[in-house]
Each structure stands twice: as structure tokens, then as C-alpha cells.
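One structure is given below, encoded as C-alpha cells.
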Amino acid sequence: MNKLIYFAMPLLLIGTATVADTARPDAHAPAGVMGDHSHAKGEWMLSYAYMHMQMEGNLDGSDDIAIADILMPMPGTYMVAPTEMTMGMHMIGGMYAPSDRLTLMFMTSFLDTEMSHVTAMGGAFDTSTSGMGDSSISGLFTVSKTTNSNTIATIGLSLPTGSIDETGVTPATAPNAGQLPYSMQLGSGSYALLPALTYSKAESTWSWGAQLKGTIQLQENDRDYTLGDRWQATAWAARPVSEQVSLSVRLAWQDWDDVDGADAALNPNMVPTADPSLRAGSRMDAGFGLNWITGVGQHNALRVSAEYLVPVEQDLNGPQLETDSSLVFRTQYSF
């Protein structure tokens, strides 16, 4: 496969860890940024995060598209249109540093999704899925360290632990259950490379950072398709308002490709979410966050953070559901 050329890319991608003074509340990035820091030799960290995403309405490019323009009898339209979707993701992770130069990270996820639809005949129905999502393993390598910044290289691998065989009852399959579209599946069904590039720095009264990361699918799954590659770039600034609390602002951009191939069990003419050529897009979000830390000065430290993000620009291969908002909550315990 031509994607094998990407195996060499992580050797060129570097990232930075948290700022040197780990007692500061802004020593970690905002809640929505993962893999931003490393640890000292022998240190462990356990983490739990929850992300809630709300999607409502459809876009074609950056323009709103009415439900009536998606459904038949308009030419080239569909029997079913999605109207809204909610997704909740629980993420459980752990980090361990066998040396000062290397931190190992593992993460797994559990998803709950629900999507509402209307039909060309005037009906309405919902579909939902719930279960384990994909997992990942990563190595964070310290490249250099100064008094106010740490630089690391991150190489990760996404593991296809999430199901791609989720089914549900729809008007087209009732009373039986049929294969659900790509966005309702719990995983990718394939391994993916997770390179990352980040820079962060602590100033005397504030800190800032930036990160570039990718998700590069490495194979076709057993349902004969491959999810599109995804690239993400983000930059943030944070300022402590007390010894324990900091506030942050962030811009987050992402771009993702269409599905390559197709699931033979899906009819791309039935609903846009089943059309592999209507999965790509890009989005810019603005985020506002809070970090809180306690226990510093002892060996253990507890961090709690939250971030709210809203899109400022979206460009979707549509019709495709647009994102309204995201909320991320994260707690981390180091020992």
C-alpha cells in the first residue's frame, strides 16, 4: 500500500512536553489536548476524560442545507436525512515513565452515540450504538529539556478494538436490524499510525503551546473500507489566576478525508451518512478552558480540567451533519 511511506514520518515529527514547573496549574495543556507531556523516571499517571459532542443541522461546504433539499423527490437526493447526533466518549488512560527520556502511554475509549433521522415519507426514527471504541499505545521520547520547556517525539499506534459491525432497526430494514452507517460505528476496523508534533513554553506569568498530530490509517478493514486520514493542529495560551487555577484559550483545526472503499452492506443512495464520498471535511474550533491542581509539594498530584469548544468555521463534503459544540472534562492523578 502507498501508505507504507508514512512509517518513516514519526522519525521527523517532534513534540514538547509540559512546561518545566509542574507545580503550575498551566503545566498541562487544556483538557482537549492529549499526549502533551511526559513524566520523570518511575512516575505513573492515571487519567479519565469525558467528551460530549452535539451535532445538529446539515452543511454542504460551509452553507446550510435544508432537510427538504436532502430528501426525495429532489433530483440526486435521499430517502432519509440525518437531523442531529450526540456522542459521548469516555477515555481511560495511563502513563508510566521507565526513564527520564521515555514515557509510555495507553488509552482506550467507550462510546455512546445517537442519531435522529427523518424520511421522505414524513416519518422519523433514531439509531444508537454503545460500546468499546478503538485504543492506542504510544511512546513519548524526550528530545531536549530546558528550564521552561521540554521537547519530546511521540510515536503511537491506534488499535482496532472498536466494533465496525454495529446494526440497528431502520424503516428500510424493519423488523430486522441492518448495518449502520460509518459515523455510527464504534471503531475504524484498522490499525493507524499516530505521529505528533508539539511545542510549548512557560513564560513568567503565562504559558503557550502548539501541536500537530495525525491519524494515518494503515490498512483496509474487513468490511472493505478505510476511514479517511485525519490531521489536527492546535495552539493555546494559558494564564494562572492563582497557585491552583489557570484559564486557557485555544484554536483547534482539523481536516479529514473521505472513506476509501465502501461497506457493501450500506446503500449510499439511501442516506448521506452511508455515502463514503460524503465523509470528508475540515473545522476550526475555539476553546475556553480551566485547569485546577492540588497535592503539589507532596509526591502525588491531582489535576482536573474542563474545556468548552465551539466551531468558528466548517467546510464539509455534504450534506453532512455540522458540529454545534464540544465539552471535555479530564481528571489526572500522578504518583
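The values are calculated or read from the model by the stated rules, or taken from the named source; none is laboratory data. Values in this document were obtained by computation on a predicted structure and should not be read as measured data. Cβ: placed from backbone, ideal geometry, glycine included. Neighbour counts: every protein chain shown. Just so you know, the surface numbers come from the protein's heavy atoms only, side chains and all, with ligands and any DNA or RNA stripped out. Shrake-Rupley method; radii C 1.70, N 1.55, O 1.52, S 1.80 Å.
Ligands, DNA and RNA left out, the 1.4 Å accessible surface of segment 101-159 is 63% carbon and sulfur atoms. Pairs of Cα atoms nearer than 8 Å and 6+ residues apart set the relative contact order; for the chain it is 21 percent. Once the C-beta distance of SER204 and ASP165 is scaled by a Förster radius of 45 Å, the resulting FRET efficiency is 0.25 to the nearest 0.05. Taken per residue, the accessible surface of segment 226-335 reaches 45 Å², heavy atoms only and a 1.4 Å probe.
The 3J(HN,Hα) values that the Karplus relation (6.51, -1.76, 1.60; θ = phi - 60°) gives for segment 241-254 are, in residue order, 10, 7, 5, 10, 10, 9, 10, 9, 10, 8, 10, 9, 10, 9 Hz. Gly and Pro appear as x. Accessible surface ranking for ARG223, ARG101, 1.4 angstrom probe, highest first: ARG101, ARG223.
In the context of the full protein assembly, TYR199 retains an accessible surface of approximately 90 Å², using a probe radius of 1.4 Å and ignoring ligands and nucleic acids. For ASP258, the residues whose modelled amide H falls within less than 5 Å of its own, excluding neighbours fewer than 5 places apart on the same chain, are ALA280. Based on the alpha-carbon gyration tensor of segment 49-190 and its eigenvalue square roots a ≥ b ≥ c, which shape applies: rounded if a/c is under 1.5, prolate if not and a/b is larger than b/c, or oblate? Because a/c hits 1.5 or more and a/b exceeds b/c, segment 49-190 counts as prolate. What percentage of the solvent-accessible surface of segment 206-264, computed with a 1.4 Å probe over protein heavy atoms, is contributed by carbon and sulfur atoms? Here carbon and sulfur together make up 53 percent of the probe-accessible area.
Taking all protein chains into account, the per residue accessible area for segment 119-222 stands at 43 Å² (1.4 Å probe). Ranked by solvent-accessible area (1.4 Å probe, protein heavy atoms only, all chains present), the residues GLU243, GLU307 order from largest to smallest as GLU243, GLU307. Per-residue extension of 0.36 nm, minus the Cα-Cα distance of ALA68 and ALA264, leaves a gain of 67.8 nm for this segment. Solvent-accessible surface (1.4 Å probe) assigned to ASP26 amounts to roughly 10 Å². Accessible area per residue (1.4 Å probe, heavy atoms of protein chains only) ranks VAL241, VAL310 as VAL241, VAL310, with the largest value leading.
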